[in-house]
Structure formats: structure tokens, C-alpha cells
1. Could you compute the longest span of chain A free of trypsin sites (Lys or Arg not before Pro) located in DSSP loops and having at most 12 other Cβ atoms within 10 Å, not counting the site residues?
2. If amide H atoms are built 1.01 Å from N in the plane of the peptide, which residues on other chains or at least 5 residues away come under 5 Å of the amide H of A:CYS94?
3. Rounded to the nearest whole Å³, what is the per residue volume of the convex hull around the Cα atoms of the stretch B:57-104?
4. With all distinct Cα pairs included, what does the Kirkwood hydrodynamic radius of the stretch B:27-78 come out to in Å, to one decimal, could you say?
5. If I model a spin label as a point 7 Å beyond the Cα along the Cα-Cβ vector, how far apart are those points for B:ASN13 and A:THR112 in nm?
6. Where nothing but the Cβ of Lys and Arg (+1) and of Asp and Glu (-1) is charged, how large is the charge dipole of the stretch A:1-101 around its Cα centre, in debye to the nearest 20?
7. In percent, what relative contact order does chain B have, based on Cα pairs under 8 Å that are 6 or more apart in sequence?
8. Quick check: the distance between the Cα centres of the stretch A:1-35 and the stretch B:17-38, to the nearest angstrom?
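Bear in mind that the values in this text are calculations on the coordinates, not laboratory data. Everything numeric here is computed off the predicted structure, so don't read it as measured data. Backbone-built Cβ (ideal geometry, glycine too); neighbour counts: all protein chains shown.
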Amino acid sequence: GAVVSQHPSWVICKSGTSVKIECRSLDFQATTMFWYRQFPKQSLMLMATSNEGSKATYEQGVEKDKFLINHASLTLSTLTVTSAHPEDSSFYICSQEDINYEQYFGPGTRLTVT
Amino acid sequence: DAKTTQPNSMESNEEEPVHLPCNHSTISGTDYIHWYRQLPSQGPEYVIHGLTSNVNNRMASLAIAEDRKSSTLILHRATLRDAAVYYCILDNYGQNFVFGPGTRLSVLP
């Protein structure tokens, strides 16, 4: 199946700083990308959906000014957590959708805010 | 809310078959049934998907009820590496996936 990578795989940052997470599709072009967040022992929760070249659509309760999503190309999407706080500590997972509507998930990025 | 319901957890012995059920009584005619699994600290991994007919691949089989209101993921011979959370998800032409709590499968040696 298709391969999606995320970078970094884990990151520790201080409260108040910003962190950028990259999501790349390595062998296909993604029409749509999704960002999820997963807290310990919970399921994945969709944060936002983006299509290349257009603004992301955020789920209710997700602050768009705090979680900046840039879908720069058909192979790259970035999520920037601005002014991170300890409650933003979570496992962030991206997925990318190909033209056949199949979704491929990245390995996840564990963010710890101290 | 997730449109599927699954048991919270199941146990299996190694080398034995496992049948993971999923109920989706409100499924629409164009909803595909997807199964993903998630190992600890990893992103979800695609297992199998289908629309109406039963499906087989190298990982598993998917049995879909005739009325499509339920389905069963079948692992023919469970191994320790199959221990994961299994998610049953309905998807209609690229609408975002809604993850329920899934079924946590434990495999006993």
C-alpha cells in the first residue's frame, strides 16, 4: 500500500513555543489530507480536513488559529501547534487520501509539552 | 458519533481464528465498510474493506451480512503481532473517517 511519513516521530517542547509537524505521501499524490489527535487510551479524533491549495476545514472545537494547517502540495501537509501548552500533549496522526478515496495513515507524532 | 458499534475487547489464543464483529445498522447503500487496526504508538494500518460481497486478502477476510447491517473481520490464525485495536469504519466516497473506540484484541500465547 501507499506510504505516508511524518516528521518528527516525537517532539518535546516548552510551553509557549510552536511546533511544526510534517506529513508527506511518498509514492502517491494526495487530494485530501486529514489531521487527527489521539489522547492516551482514546480513539482518534479528527481535527481538520484540507485539500491542496485551499483552506483547511476544522472540526467543531478545534481552534484554527492554534492549529495551523498548510497543504502546500499534493504530497505535503504541515500542522503547526502554536503557543503549545501541556494540554496539547497528544499523539498527532495525519492521513492522506488518494484519487480512489483510499486513506493512508502516517505513523504519528508524539508531542509532549513541558 | 461513530456509525458503528464493536465490542470493547476480545481475547484469542495464538494460532486460532478470530472473528471480530461490527454492527452498522444505519449503513447507507453507498457506504463502504473499512477495517483498520492500530498497534501501540503507531498510526492506523489498513486491513481490508468491502461494499457488499465478502472480501479476502493476505491479512484477513471480511464477511458482510446480506442486509449489510453487520460485518465480521476474520483473522484466520491469530499471532501475537495481531494484538491491536481494530476499528470498523463506514466511509462514503471520501467523507472523513469517524473512529469509534474499536475492539482491543488480546492474543494469548
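1. Counting at most 12 other Cβ atoms within 10 Å as exposed, the longest clean stretch of chain A is A:56-114.
2. Those lying under 5 Å, H to H, from A:CYS94 are A:TYR36, A:GLY106, A:GLY108.
3. Spread over its residues, the Cα hull of the stretch B:57-104 gives 112 Å³ apiece.
4. On the way: mean 1/r = 0.0848 Å⁻¹.
Mean inverse Cα-Cα distance, inverted, gives 11.8 Å.
5. So the two model labels end up 4.0 nm from each other.
6. Details: 8 positive and 10 negative charges, 54 e Å.
So the magnitude is around 260 debye.
7. 39
8. When both Cα centres are located, 27 Å separates them.
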